[in-house]
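Down below is the structure, laid out as structure tokens.
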Amino acid sequence: MNSPISKGTRSSLRWKVNDSLITGISAIDTMIPVGRGQRQLIIGDRSTGKTSIFIMILIISSYFSFCSSIYSLGSKRILCIYIGINQNLSKIYKLINYLYYSLLFLLLSTHSSSTTLLSFIISLVGIAFIERLRDRGYDCCICYDDCIQHAKSYRQISLILSKIPSRDAYPADIFNIHSSLLERSSKINKSINKYYSLSSITSLPIIQTINSDITDFIATNIISITDGQFYLDKKLFLNTQRPSIDSALSVSRIGSSAQSQ
């Protein structure tokens with residue numbers, strides 16, 4: 001079934017982000033607010049709690065937003081989807097067990113022994129599926145864990161296709177691949193088409209850095225595409241500050257438009 005969006009009106013369907021996404025984390029909701037329809041990067045070293053931020057958003061969305069929608073408090077329920085790219089089976093198993101009783105949750109993931117083509121296409125399958133749910137009026141939140149593995153999968157495919165490698169052996173169109181993926185997240189204007197309400201897709205891509213180096217090629221590309229980032233510092237994590245969000249390097253370009261009242 002074809003989507004009721006026509007190609008000529010696709011750009012005019014976007015609406016400004018002015019509805020807050022309650023994460024349940026005080027440091028985010030007060031200082032670095034996230035709006036529904038925003039693209040917010042989560043970046044940090046290994047084992048600093050990057051996936052835990054999405055898990056908290058998922059739990060709050062499953063219970064808090066569910067109760068709000070029942071009692072007509074003006075909050076729509078959010079459907080969350082987790083896209084795991086080349087993740088360890090132990091991590092996927094823990095995630096499923098931890099969120100077994102959560103509502104409105106979908107998990108798509110490939111493991112370390114999956115094929116390169118499947119690891120690349122899994123994110124496209126996830127965003128296509130969640131766009132269909134957005135077309136039906138849902139507010140959605142999608143997490144890509146992580147974009148470095150997605151870029152490496154595309155690099156292997158490009159080398160097989162004999163594309164000319166560029167910086168760090170990545171193909172020259174890797175920026176276009178990630179931007180076309182993340183730009184599909186937006187808030188829909190309901191006044192354009194009768195089939196739509198104010199539904200949205202919020203993207204939370206994850207980048208794993210090495211030795212706190214945020215100047216990596218893929219990291220700088222994703223930072224320039226997204227509307228802000230949460231930087232998780234390894235030193236703060238070891239000093240038992242959870243979540244280890246560095247307020248100096250974290251920013252939200254939506255700002256007060258997404259601030260909860």
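The values are calculated or read from the model by the stated rules, or taken from the named source; none is laboratory data. What you see is a predicted model; the values in this text were computed from it and never measured. With ideal geometry, Cβ positions are generated from the backbone for all residues, glycine too; neighbour counts draw on all protein chains shown.
Is it the case that the stretch 242-258 has a residue that's assigned to a helix (DSSP H, G or I), at pLDDT 85 or above and at negative phi? Checked the stretch 242-258: no residue is assigned to a helix (DSSP H, G or I), at pLDDT 85 or above and at negative phi. For the stretch 173-184, indicate whether the set of residues that are in contact with a helix residue (DSSP H, G or I) (Cβ under 7 Å, 6 or more places away or on another chain), surrounded by 17 or more Cβ atoms within 10 Å (Cβ to Cβ) and of a type in the set (Phe, Trp, Tyr) is non-empty. Checked the stretch 173-184: at least one residue is in contact with a helix residue (DSSP H, G or I) (Cβ under 7 Å, 6 or more places away or on another chain), surrounded by 17 or more Cβ atoms within 10 Å (Cβ to Cβ) and of a type in the set (Phe, Trp, Tyr).
The residues on offer are Asn189, Asn211, and the sole one that is more than 19 Å from the chain's Cα centre (by Cα) and on the phi > 0 side of the Ramachandran plot is Asn211. Ser180 falls short on exactly one of the conditions (1) touching a residue at least 24 places away in the same chain (Cβ under 8 Å); (2) outside any strand (DSSP E or B); (3) within 19 Å of Gln38 (Cα to Cα), and that condition is (1). When Tyr170, Tyr144 are screened for being within 14 Å of the chain's Cα centre (by Cα) and at negative phi, only Tyr144 passes.
Taken over the stretch 21-61, the residue count meeting the criterion of being touching a strand residue (DSSP E or B) at 6+ places or on another chain (Cβ under 6 Å), assigned to a helix (DSSP H, G or I) and closer than 16 Å to Asp139 by Cβ is 3. Taking Gly84, is it at pLDDT 85 or above, among the small types (Gly, Ala, Ser), more than 24 Å from Leu198 (Cβ to Cβ) and under 13 Å from the mean Cα position of the chain (by Cα)? So Gly84 fits the description; yes. Please enumerate the residues belonging to the stretch 140-177 that are part of a helix (DSSP H, G or I), within 21 Å of Gln40 (Cβ to Cβ) and among the aliphatic types (A, V, I, L, M). Correct list: Ile148, Ala151, Ile174, Ile177.
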